[in-house]
Amino acid sequence: MPLFVDRHWGRVLISLMFVACLLPGFTQQAMASPIRIACVGDSITWGYTITHHRLARAWPGVLQKLVGKKYKSGNFGHSGATLLKKGNLPYWKTPEFRAATKFDPNIVIIMLGTNDTKPQNWKKYGAQFTANAEELIRHFEHLKAHPKIYICTPPPVVRVKKLGISNPWGINEKTLVAGVIPAIKRAAMATHTMVIHVHRLMLKCITRPLYRYFAHDGVHPDAAGQAVMGKIIYQAVFKK
């Protein structure tokens, strides 16, 4: 009887040792968390004008589809948000800013600046844009995950008077090109952050007249335009 017990428990012990050898790798694989991507922006990022399957068809959702299950892309866009801390709706004061921070991302992709071109924002506070952009980048850099940061130039602003394509907010291409985009580049240089040239590459990559992507109001791209932006960002971040 004792011999039987010894042999029995010997076999059990061997089995447990075998499982223990396998368990760390299995546990590591089973518990591995997806790489978190925080997509920070305004209504363009949020997916304004997209009425069906917004989260999947806005550029963060397009990005999610392209990167696959090893990544988790979070849409932290807030409609009307400015990068300027003294703008009419600072991103800093939105629930999405707090949520993006709590998300503790491994990668952060910032696309802000469109609403900063509004005259009441840029004329009063435009000189502060570069410093505010640097501060936003530093905020995310100092999170626990120490994410890789990317900052995008916003997509073009389109105005075609004869087709009725324009916006009522004062958002304009002139300030975007002459003011916001150079300020983004200065902030990126100061913080050693990569710029994703969505504005320039969108003009280069489109396959139909530009206004058709922005037919709603000249500011917010349709689903096809969002798909173009998602692919541009994917290529810049993951296909360098």
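Bear in mind that the values in this text are calculations on the coordinates, not laboratory data. A quick note: this is a predicted structure, and the numbers were derived from the prediction, not measured. FYI the Cβ positions are ideal-geometry reconstructions off the backbone, even for glycines, and counts take in every protein chain you see.
With the helix formula -39500 (n - 2.57) applied to DSSP H stretches of n ≥ 4, the chain reaches a computed 222 nm mean residue ellipticity of -14000 deg cm²/dmol. 3J(HN,Hα) along the stretch 191-207, derived from phi through the Karplus expression 6.51 cos²θ - 1.76 cosθ + 1.60 where θ = phi - 60°, amounts to 10, 6, 9, 6, 9, 9, 7, 4, 4, 5, 6, 5, 4, 7, 8, 5, 10 Hz, with x in place of Gly and Pro. Extension gain, ARG138 to LYS72: 0.36 nm times the residue separation minus the Cα-Cα distance gives 21.5 nm.
If you take every DSSP beta bridge whose two residues both sit in the chain, what share of them, in percent to the nearest 5, is antiparallel? So the antiparallel bridges amount to about 5 percent of the total. Angle of helix 2-31 to the longest C-alpha principal axis of the chain, folded into 0 to 90 degrees and rounded to 10: 10°.
Ordering ALA133, VAL228, VAL67 by the projection of their Cα atoms onto the charge dipole of the chain, which places +1 on the Cβ of Lys and Arg and -1 on the Cβ of Asp and Glu, puts VAL228 at the extreme positive end.
Which part of the stretch 131-169 falls in the paramagnetic zone of ALA190, meaning amide N under 14 Å from the point 7 Å along Cα-to-beta-carbon? Zone members listed by number: 131-139. Residue ranges 208-216, 103-111 sort as 103-111, 208-216 when ordered by packing (mean number of other C-beta atoms within 10 Å per residue, highest first). For log10 I(q)/I(0) by the Debye sum over Cα atoms at q = 0.08, 0.12, 0.14 Å⁻¹, the value calculated from this model appears in [x] -0.47, -0.84, -1.03; [y] -0.36, -0.66, -0.86; [z] -0.25, -0.60, -0.84 under label [y]. For the peptides 193-202, 42-51, 90-99, residues were scored by their other Cβ atoms within 10 Å and the scores averaged per peptide; the highest-first order is 42-51, 193-202, 90-99.
Go through LYS124/LYS185; LYS70/LYS124; LYS118/LYS231; LYS144/LYS204; LYS93/LYS148; LYS69/LYS144 and tell me which ones have a Cα-Cα distance over 32 Å in this structure. Over 32 Å apart, Cα to Cα: LYS70/LYS124; LYS144/LYS204.
Rounded to 0.05, the FRET efficiency of the LYS102 and LYS124 pair, given R0 = 35 Å and the Cβ-Cβ distance, is 0.65.
The residues packed around PRO34, meaning those with a beta-carbon under 15 Å from its beta-carbon, carry a net charge of +4 if Lys and Arg are +1 and Asp and Glu are -1.
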